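Enquirer: Take a look at the following structure, please.
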């Protein structure tokens, strides 16, 4: 089993991950708890940091370069990326052309498209990945997050429910395929419900 380790950039800005990066490098390099670099296949630097307004594209690009250099100097040989909705890569193509990411990580949720319904989740994902590919030619596009909530508020044609969650995930796996990361294994009750009341309700283990 390989791990995709993430470094969460908070509202404090790109430098908010500095302590976590240093502690991570120290822990893995020391071999504490049996850790080794072989355990990690991908390190994700920032998750939706730009669309959340936590940092600018230039700040993120600079931070990716700095962190990747530190990781490689410590012995890490795996891949590095960041994850954003595809629109951030189409709006800020420098994330593809001027950053040190090894592939484009996209988070795609049809729930936030008021014109989609649960049954459209797969076709919506296909279209969004195509947009990212057009913005970042010659780079691999990896769906780092997708899914559908089982509870929360209606958004356009999207009505969160257990039934619609199954419909949406079936559509994703049918239209796009299984090479995706489904959010999430269990409901995340530690999160705030969020503006739409859905953030705790993506757990899907019962469907697999």
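The values are calculated or read from the model by the stated rules, or taken from the named source; none is laboratory data. Note that the structure is a prediction, hence the values are computed from the model and not measured. Cβ atoms come from the backbone with ideal geometry, glycine included; neighbour counts cover every protein chain shown.
Enquirer: For the condition in the same structural domain as residue 78 (by TED's automatic domain parsing) and surrounded by fewer than 20 Cβ atoms within 10 Å (Cβ to Cβ), what is the one hit in 181, 97?
Expert: 97
Enquirer: Regarding segment 164-172, can at least one residue be identified that is touching a residue at least 24 places away in the same chain (Cβ under 8 Å) and not in a helix (DSSP H, G or I)?
Expert: There is no residue in segment 164-172 that is touching a residue at least 24 places away in the same chain (Cβ under 8 Å) and not in a helix (DSSP H, G or I).
Enquirer: Output yes when any residue across segment 103-112 is within 19 Å of residue 44 (Cβ to Cβ), touching a helix residue (DSSP H, G or I) at 6+ places or on another chain (Cβ under 7 Å) and surrounded by fewer than 22 Cβ atoms within 10 Å (Cβ to Cβ), and no when none is.
Expert: Checked segment 103-112: no residue is within 19 Å of residue 44 (Cβ to Cβ), touching a helix residue (DSSP H, G or I) at 6+ places or on another chain (Cβ under 7 Å) and surrounded by fewer than 22 Cβ atoms within 10 Å (Cβ to Cβ).
Enquirer: If you don't mind, another one. For segment 38-60: of the residues being in a helix (DSSP H, G or I) and under 21 Å from the mean Cα position of the chain (by Cα), which is surrounded by the most Cβ atoms within 10 Å (Cβ to Cβ)?
Expert: Filtering segment 38-60 for residues that are in a helix (DSSP H, G or I) and under 21 Å from the mean Cα position of the chain (by Cα), the one surrounded by the most Cβ atoms within 10 Å (Cβ to Cβ) comes out as 60.
Enquirer: Please specify each residue of segment 117-140 satisfying the condition of being more than 23 Å from residue 43 (Cβ to Cβ), in a loop (DSSP other than H, G, I, E, B) and under 20 Å from the mean Cα position of the chain (by Cα).
Expert: Within segment 117-140, just 137 meets the criteria.
Enquirer: Could you give every pair whose Cβ atoms fall below 6 Å, whose first residue belongs to segment 122-139 and is in the same structural domain as residue 177 (by TED's automatic domain parsing) and more than 16 Å from residue 111 (Cβ to Cβ), and whose second residue is assigned to a helix (DSSP H, G or I) and at pLDDT below 95, counting only separations of at least 6 or pairs across chains?
Expert: Short answer, once both residue conditions are applied: 136/96; 139/96.
Enquirer: With respect to residue 53, is the statement that it is at positive phi and either in the same structural domain as residue 124 (by TED's automatic domain parsing) or modelled with pLDDT under 95 (or both) true?
Expert: No; evaluated as a whole, the condition is false for this residue.
Enquirer: Is it the case that some residue within segment 11-34 is more than 28 Å from residue 147 (Cβ to Cβ), in a loop (DSSP other than H, G, I, E, B) and either in the same structural domain as residue 124 (by TED's automatic domain parsing) or in contact with a helix residue (DSSP H, G or I) (Cβ under 6 Å, 6 or more places away or on another chain) (or both)?
Expert: no
Enquirer: So which residues in segment 141-163 are assigned to a loop (DSSP other than H, G, I, E, B) and touching a residue at least 12 places away in the same chain (Cβ under 8 Å)? Can you show your working first?
Expert: Initially, segment 141-163 is screened for residues assigned to a loop (DSSP other than H, G, I, E, B), giving 148-154, 156-157, 159-161.
Matches in segment 141-163: 148, 149, 150, 151, 152, 153, 156, 157, 159, 160.
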